[in-house]
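Comments concern the structure below.
The values are calculated or read from the model by the stated rules, or taken from the named source; none is laboratory data. In this text the structure is predicted, and so the values were computed from the model without any measurement. In this analysis, Cβ positions are derived from the backbone assuming ideal geometry, glycine residues included, and neighbour counts consider all displayed protein chains. These area figures cover heavy atoms from the full protein model, side chains too; ligands, DNA and RNA do not enter into them. Shrake-Rupley method; radii C 1.70, N 1.55, O 1.52, S 1.80 Å.
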Amino acid sequence: VCTVHGARWTQLQPHQWRFDIVADRFLYKMIRNLVAEQLQVATGRQSMDCFVKGLTGKRRQSGQPTAHSRGLTLMSVYYPPPFQYFIHHTVVSQL
């Protein structure tokens with residue numbers, strides 16, 4: 001189970017879109033599956049109800065399309081306060 005704090009599509013150019021998502025963690029192929037399912041809804045190949053039901057934790061059916069990884073980029077990672085120490089206090093050992 002993961003919590004999505006926000007997600008949105010932004011049109012950059014007539015045929016170029018960006019999908020931003022913020023969550024507490026990401027599952028294997030989660031973004032590729034979300035993008036593919038939303039494209040299915042946008043093109044009328046899947047209903048919005050079916051998409052929403054898929055968000056409630058039911059497994060995806062095998063054989064459903066998955067978005068290609070080309071063009072997907074991890075932009076940043078944020079850590080909760082207890083882990084901030086390790087970002088600012090890197091320990092490097094020398095041999």
Do you know which residues across segment 1-11 are open to solvent by 90 Å² or more (accessible area, probe 1.4 Å) and at pLDDT 90 or above? 8, 9, 11
Within segment 1-19, count every residue that is closer than 20 Å to residue 80 by Cα and touching a residue at least 24 places away in the same chain (Cβ under 8 Å). 3
Counting only residues that are over 19 Å from residue 70 (Cα atoms) and not basic (Lys, Arg), segment 15-48 contains a total of 10
Would you please name the residue that is farthest from the chain's Cα centre (by Cα), looking only at residues in segment 3-12 that are closer than 25 Å to residue 77 by Cβ and not in a loop (DSSP other than H, G, I, E, B)? 12
For a quick check of your reading: which helices (runs of 4 or more DSSP H) sit entirely within segment 13-95 and have at least 1 residues that are modelled with pLDDT under 75? 81-88
